[in-house]
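Worksheet: the structure to be examined is printed underneath.
The values are calculated or read from the model by the stated rules, or taken from the named source; none is laboratory data. For clarity, every value in this text was computed on a predicted model and none was experimentally measured.
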Amino acid sequence: MSKNNENTPYYTGDAKFSPIPLTVSSPQIKAENKGKIKASAVETMQKQANQQINMLKKQAETIMEQVRQIENRLQVSYGIYEAEMKFTPKIGEEYHLYEKDGAKVLSFISPNEWGKNMPYDEFLATVLLLADRTWEVRVEQGDEETLRLI
């Protein structure tokens, strides 16, 4: 190597490896606007992050609704297990909850089957025994107050 080549401020190597265009037919090299690249990347990143956060919030809301349903089912189940039962309930069967003289009674006879001679004061709800031994309310007589009575 000669001293001349080392001190020359110009590119003297092969044209195909040149960091700058050497002829009119060379590919155009544009300077990148780094601020614009960063702004675009940040905007895309924020959109993606917000989309994922919103999706997770919806999933959390769904999970919390399921938690509330399970808690409600537990409260209803506690109330039903306080009722008088003269039989062993079977999983997957519907039963009917009544009230007589302030006490709850669970029966397998529906209000329609009693006709006009129903021996209870009030029909509260039709319930289903689930596999986890909790109860699901199928048909309720009144409103939310009736569910609180269960």
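Quick notes on this structure:
- Test result for Lys86, of a type in the set (Lys, Arg), modelled with pLDDT under 90, over 28 Å from the mean Cα position of the chain (by Cα) and farther than 17 Å from Arg138 by Cα: no
- Residues that are of a type in the set (Val, Ile, Thr) and within 21 Å of Arg73 (Cα to Cα) within the range 107-140 comprise Thr126, Val127, Thr134, Val137, Val139, listed in sequence order.
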